[in-house]
Amino acid sequence: MALRLATYYKAEDIPSLPGSNVFYSVEMFQALQQAKGFRPVLLVAYEGTQAVGKLLCITRRCFRFKLFFRETYVYGTGEYFPSSFAREEIFRELLACFTSSFKDRSFLLEFRNLKEPLFGYRYFRECGYFPVRWMRVRNSLHGNRIGKWMSESRKRQISRGLKSGAEMDVARTEEEVREFFMLLRRYYSSKIHRYLPDIKFFLSLSRQSSEHARIFIVRYKGKIIGGSVCLFSEKDAYLLFSGGMRKSYPLQYPGVLAVWNAMAYALAHGYDHFEFIDAGLPFKKYGYRDFILRFGGRQMSSRRWFRVGWGWLNRLLVKFYV
């Protein structure tokens, strides 16, 4: 029996599907569907009437260096279910559909946050993608390892921040989410390599009753001075965004507590690992990666797969990176 592919453009059209990975969930689709400038599309592979694989594709409008373009990306390489087909065979069909559907609509196609860097290598190459080395930072939450590997200076900062009056909490009201979003927007405004969805994305996450997402906040004298957004999938937690008013409140260490708040929640609720979504390229000096490594995480080499819309440029990059 051959595989059949279906494409879903609206959350309300998606049927009940198996799976527990947040990056391919209806909840993530709904949150992205609310965000201005984002367009999610779900690709589902069926064997007969049974879903055997799915891929959530996210298209985002970008404006950088006075240039407007679209990029479409996927977290990971899909989620798969029992089938007579091998995972890579299902992925081959999903990848071919993804590439043909978006290569003329988006300037950049990207697969990021790969858990298995070699998975689908052959099929990526056949579809004209090129790999770029990337870094992952992952903390183990088993036992007392989180405290064992955390730097002493980071432990002191957490202790001092809490003793100085900073409080860690979870955003529970729309007003708290809006106040946190305004802080985060100011924090990310100077970071041209990072994007921030609009307020509707965060409100959608906060309204969901599932355990897939939490918005954490740091308060000082009633004011929100830091916070983070964390996704939870299976036994792992993923930090999506974080920031704090470190210059205005240096003694409270809001940026540090914003991360620690999410890590402490993941530890208390039995998650096995805590991962930072974007640890960047493997440069020797990268400030954000140095910051997150002091929480005791392990640095791992991974890769991302890219395909650009200009054929001549893509061929040149393929020759350079492969």
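The values are calculated or read from the model by the stated rules, or taken from the named source; none is laboratory data. Predicted, not measured: the structure shown is a model, and the values here were computed from it. Cβ sites come from the backbone with ideal geometry, for glycine too, and all protein chains shown count toward neighbours. Only protein heavy atoms, including side chains, enter the accessible area calculation; ligands, DNA and RNA are left aside. Shrake-Rupley method; radii C 1.70, N 1.55, O 1.52, S 1.80 Å.
Output the residue which, of all residues in the stretch 98-123 that are in a helix (DSSP H, G or I) and open to solvent by less than 30 Å² (accessible area, probe 1.4 Å), is nearest to S301 (Cα to Cα). Reasoning before the result, please.
So the first thing to find is which residues in the stretch 98-123 are in a helix (DSSP H, G or I), and the list is 98-102, 121-123.
Okay, now just the ones that are also open to solvent by less than 30 Å² (accessible area, probe 1.4 Å), so 98-99, 102, 123.
Values: F98: 26, T99: 25, F102: 28, Y123: 21 Å.
So, considering only residues that are in a helix (DSSP H, G or I) and open to solvent by less than 30 Å² (accessible area, probe 1.4 Å), the one nearest to S301 (Cα to Cα) is Y123.
Looking at this structure, is D278 acidic (D, E), crowded, with 16+ Cβ neighbours inside 10 Å, at pLDDT below 95 and touching a strand residue (DSSP E or B) at 6+ places or on another chain (Cβ under 9 Å)? Full working, then the answer.
Working: acidic (D, E): yes; crowded, with 16+ Cβ neighbours inside 10 Å: yes; at pLDDT below 95: yes; touching a strand residue (DSSP E or B) at 6+ places or on another chain (Cβ under 9 Å): yes.
Criteria met by D278.
Check the stretch 59-81 and report whether any residue there is among the charged types (D, E, K, R), part of a loop (DSSP other than H, G, I, E, B) and either more than 22 Å from L205 (Cβ to Cβ) or touching a strand residue (DSSP E or B) at 6+ places or on another chain (Cβ under 9 Å) (or both).
The first filter runs over the stretch 59-81 and keeps only residues among the charged types (D, E, K, R), leaving 60-61, 64, 66, 70-71, 79.
After this cut, where a residue has to be part of a loop (DSSP other than H, G, I, E, B) as well, the list is 66.
In the following step, the residues that additionally are either more than 22 Å from L205 (Cβ to Cβ) or touching a strand residue (DSSP E or B) at 6+ places or on another chain (Cβ under 9 Å) (or both) were identified as 66.
Checking the stretch 59-81: at least one residue is among the charged types (D, E, K, R), part of a loop (DSSP other than H, G, I, E, B) and either more than 22 Å from L205 (Cβ to Cβ) or touching a strand residue (DSSP E or B) at 6+ places or on another chain (Cβ under 9 Å) (or both).
Please indicate, with yes or no, whether at least one residue in the stretch 221-243 is touching a Cys at 6+ places or on another chain (Cβ under 9 Å) and without any contact (Cβ under 8 Å) to a residue 24 or more places away in the chain.
yes
Which pairs turn up if I take residues in the stretch 300-313 that are closer than 15 Å to E110 by Cβ and open to solvent by less than 40 Å² (accessible area, probe 1.4 Å) and look for partners that are of a type in the set (A, V, I, L, M) and not in a strand (DSSP E or B) with beta carbon separation below 8 Å, at least 6 apart in sequence or on another chain?
S302/L114; R304/L114; W305/L114; F306/L317; V308/L317
Would you check which residues across the stretch 54-82 are open to solvent by less than 10 Å² (accessible area, probe 1.4 Å) and aliphatic (A, V, I, L, M) and list them?
L55, L56, I58, V74
Here is a list of conditions, (1) in a helix (DSSP H, G or I); (2) at pLDDT below 90, and V259 meets all of them except one; can you say which number that is?
If we test V259 against (1) in a helix (DSSP H, G or I); (2) at pLDDT below 90, just (2) comes out false.
When you look at Y195, is it buried (at least 20 other Cβ atoms within 10 Å of the Cβ) and either of a type outside the set (K, R) or in contact with a Pro (Cβ under 8 Å, 6 or more places away or on another chain) (or both), yes or no? First the steps, then the outcome.
Details: buried (at least 20 other Cβ atoms within 10 Å of the Cβ): no; either of a type outside the set (K, R) or in contact with a Pro (Cβ under 8 Å, 6 or more places away or on another chain) (or both): yes.
Spelling it out, it is not the case that Y195 is buried (at least 20 other Cβ atoms within 10 Å of the Cβ) and either of a type outside the set (K, R) or in contact with a Pro (Cβ under 8 Å, 6 or more places away or on another chain) (or both).
Would you check which residues across the stretch 263-300 are small (G, A, S), part of a helix (DSSP H, G or I) and over 13 Å from C230 (Cβ atoms) and list them?
First, the residues of the stretch 263-300 that are small (G, A, S): 264, 266, 268, 270, 279-280, 287, 296-297.
Checking which are part of a helix (DSSP H, G or I) leaves us with 264, 266, 268, 287.
Once the filter is applied, which keeps residues that are small (G, A, S), part of a helix (DSSP H, G or I) and over 13 Å from C230 (Cβ atoms), the stretch 263-300 yields only G287.
List the number of the failed condition for E126; all other conditions in (1) of a type in the set (D, E, K, R); (2) open to solvent by 30 Å² or more (accessible area, probe 1.4 Å); (3) at pLDDT below 95; (4) under 28 Å from Y9 (Cα atoms) hold.
That leaves (3) as the condition not met.
So G270 ticks every box in (1) crowded, with 17+ Cβ neighbours inside 10 Å; (2) modelled with pLDDT of 85 or more but one. Which box is left unticked?
Status for G270: all satisfied but (1).
Hey, can you tell me all the residues within the stretch 244-254 that are among the small types (G, A, S) and either at pLDDT below 90 or buried (at least 24 other Cβ atoms within 10 Å of the Cβ) (or both)?
Taking the stretch 244-254 first, the residues among the small types (G, A, S) are 244, 248.
Result: G244, single match.
Among the residues of the stretch 225-240, write down those that are farther than 14 Å from M28 by Cβ, out of contact with any Pro (no Cβ under 9 Å at 6 or more places or on another chain), open to solvent by less than 10 Å² (accessible area, probe 1.4 Å) and of a type outside the set (S, T, N, Q).
A237, L239
Quick one: R92 ticks every box in (1) modelled with pLDDT of 95 or more; (2) farther than 29 Å from V229 by Cα; (3) open to solvent by less than 40 Å² (accessible area, probe 1.4 Å) bar one, so which box is it?
With (1) modelled with pLDDT of 95 or more; (2) farther than 29 Å from V229 by Cα; (3) open to solvent by less than 40 Å² (accessible area, probe 1.4 Å) applied to R92, the lone miss is (3).
Going through the stretch 1-53 one residue at a time, which ones are more than 19 Å from the chain's Cα centre (by Cα), touching a residue at least 40 places away in the same chain (Cβ under 8 Å) and either crowded, with 18+ Cβ neighbours inside 10 Å or part of a strand (DSSP E or B) (or both)? So that I can check it myself, show each step before the final result.
Step one: filter the stretch 1-53 for residues more than 19 Å from the chain's Cα centre (by Cα), giving 1-18, 44-53.
Pick out the ones that are also touching a residue at least 40 places away in the same chain (Cβ under 8 Å) and you get 1, 3-7, 18, 45-48, 52-53.
Across the stretch 1-53, the qualifying residues are L3, R4, L5, A6, T7, A45, Y46, E47, V52, G53.
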